[in-house]
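First up is the structure itself, then whatever we jot down about it.
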Amino acid sequence: MANKTFFVETYGCQMNKSRSEHIAQVMVQNGYHLIEDKKRADILLFNTCAVREHASEKAISNIQKTIKDLNKISRHPIIVIFGCMSQFLKNRLVQRVPGAQIVIGTSNIEQIPQYLEEYTRKKKKILDFNLPSTSQVFDERGYLRNSSQIFTFLPITYGCNNFCSYCVVPYTTGPQRSKPLLTILKEIEKIIQDGYQEIILLGQNVNSYGLDLGLKNGFEVLLQTIDQNFHDSSIWIRFLTSHPKDMRPSIVDIVKNSPLMTRYFHLPIQSGSDRILAAMNRGYTRDHYMGLVNYIRQTLPDSGIGTDIIIGFPGETERDFLDTLDIVQEAQFEQAYTYIYSSRSGTAAYQLPDQLPLAEKKKRLQLLNQTLSDIHQIKLKAWVGKRAKIMIDQIEGLNASGRTTDNQRIFLPNSNLFLGQVISVVVINTLKGKLYGELVLS
Ligand code: SF4
């Protein structure tokens with residue numbers, strides 16, 4: 001199989017993007033060549049997501065269409081589908097995409113090169129839907145540079161133990177497994193040697209890092225150890241995602257005292273109603289959540305807080321929805337990702353009564369997005385005249401942009417800037433939801 005080319009298409013979250021980088025690296029180490037043109041590839045890898053039904057259906061039709069289009073021009077690559085959607089649908093996916101030769105779930109993905117060898121020898125479909133074992137973590141073995149060339153993801157945990165009632169992730173990825181601390185340190189060292197400057201520590205719930213290894217407050221231990229071992233001022237460390245149930249003030253304190261840690265917290269609230277939060281099995285109340293937000297705002301006034309919100313969870317009343325609008329006003333989020341509830345079979349919420357009509361969910365989503373947009377506009381205007389440090393991560397001809405440590409993108413003219421450069425800027429204008437600034441030389 002040496003000298004064969006492959007292409008990777010990724011659906012879903014940052015964890016999946018990170019998995020794709022990892023699998024691409026494993027393929028390259030086994031003699032395959034990564035290419036950007038899927039029409040020319042000998043092997044197509046599809047890394048899939050199961051979190052929302054609409055996105056899953058779209059992914060299936062994209063894969064079906066890709067196979068059909070390629071067959072029309074007499075191209076017959078080996079099709080490999082893996083990830084959460086495969087794990088979730090198993091044989092149902094095999095039936096819907098009969099043109100796929102290898103379909104595997106979230107475990108054993110590092111064996112894809114061996115599966116390809118086996119398929120080439122036996123010409124027999126390969127299916128593997130074993131769930132990851134309680135000890136399986138992936139050895140990252142280095143990363144292929146992603147398109148940003150500046151930042152890269154570093155998973156510190158896999159799987160999830162939380163079983164939020166709407167979510168398929170614990171079923172598709174297995175229980176939480178934390179990567180040993182020493183492994184993470186070695187991987188950070190390698191990532192820095194490879195020239196990346198921003199490392200995003202990833203986990204479904206980074207705050208519970210180490211619990212499965214018997215570590216109490218393991219995430220604090222991890223952040224402090226990173227802080228003690230790396231001293232390059234041009235390296236930034238972010239982490240995603242913080243679960244409000246396990247987020248602790250001590251984590252905020254460590255961020256405050258570390259020059260490496262960026263000032264951004266992604267803290268999904270999901271709903272502002274205590275009744276709905278309990279039905280979602282989220283494990284916190286809105287008061288607990290606002291306590292965390294207030295602590296972050298007081299401790300690090302220059303920080304950004306992002307969130308995720310689900311609209312239309314079964315039984316969500318007008319009152320519950322108003323509670324969500326209310327907490328959005330109270331928390332004044334810097335960023336928010338909003339979603340319509342997607343019912344997934346096998347989850348606890350799937351059987352719940354009072355599934356809301358789609359039209360009502362859409363109406364609420366629109367209202368929520370308008371509220372968030374109004375807050376965002378006010379926040380953007382408040383930026384005008386402010387100075388900030390940004391790390392340049394995009395350069396296109398005469399234009400460049402970078403993000404602040406609290407995750408705010410600022411655009412500016414490219415005056416001999418280079419990727420990864422940390423510069424001071426002053427914001428001079430805001431237009432169509434974007435901030436524009438100029439270089440400050442002093
Ligand atoms: S914390 Fe909840 S929403 Fe997040 S992956 Fe785990 S079960 Fe899903």
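Kindly indicate whether any position in segment 165-174 is without any contact (Cβ under 8 Å) to a residue 12 or more places away in the chain and assigned to a helix (DSSP H, G or I). So far as segment 165-174 goes, yes, one or more of its residues are without any contact (Cβ under 8 Å) to a residue 12 or more places away in the chain and assigned to a helix (DSSP H, G or I). Residue count for segment 150-196 under the criterion of being away from the ligand (no atom under 16 Å from the Cβ) and open to solvent by 30 Å² or more (accessible area, probe 1.4 Å): the result is 12. Checking each residue in segment 2-25 for being farther than 18 Å from Q64 by Cα, among the β-branched types (V, I, T) and surrounded by 19 or more Cβ atoms within 10 Å (Cβ to Cβ) picks out only I23.
Within segment 70-83, can one find any residue that is in a strand (DSSP E or B) and within 16 Å of the ligand (Cβ to nearest atom)? Yes, that holds for at least one residue. Considering segment 262-299 alone, what residues qualify as being of a type in the set (A, V, I, L, M, F, W, C), touching a residue at least 40 places away in the same chain (Cβ under 8 Å) and open to solvent by 10 Å² or more (accessible area, probe 1.4 Å)? If the condition is that a residue be of a type in the set (A, V, I, L, M, F, W, C), touching a residue at least 40 places away in the same chain (Cβ under 8 Å) and open to solvent by 10 Å² or more (accessible area, probe 1.4 Å), then A279, M290, L292 are the ones that fit.
Just one of the listed residues (I43, I81) is open to solvent by less than 30 Å² (accessible area, probe 1.4 Å), touching a Leu at 6+ places or on another chain (Cβ under 9 Å), touching a residue at least 12 places away in the same chain (Cβ under 8 Å) and over 30 Å from T134 (Cβ atoms), namely I43. Report yes if some residue within segment 89-110 is among the polar types (S, T, N, Q) and farther than 30 Å from Y166 by Cα; otherwise report no. Yes - at least one qualifying residue is present in segment 89-110. Residues of segment 40-54 that are part of a loop (DSSP other than H, G, I, E, B) and charged (D, E, K, R): D42, R52. Within the option set E110, E57, E118, being open to solvent by 70 Å² or more (accessible area, probe 1.4 Å) and either in a helix (DSSP H, G or I) or closer than 30 Å to I191 by Cα (or both) holds for one residue only, E57.
Y115 fulfils the conditions (1) in contact with a Leu (Cβ under 9 Å, 6 or more places away or on another chain); (2) at pLDDT 95 or above except for a single criterion, (1).
The values are calculated or read from the model by the stated rules, or taken from the named source; none is laboratory data. The structure presented is a predicted model; accordingly, all values stated were derived computationally and were not measured. Because the Cβ atoms are built from the backbone with ideal geometry, glycine has one as well, and the counts that use them run over all protein chains shown. We work out accessible area using only protein heavy atoms, side chains counted, and drop any ligands, DNA or RNA first. Shrake-Rupley method; radii C 1.70, N 1.55, O 1.52, S 1.80 Å.
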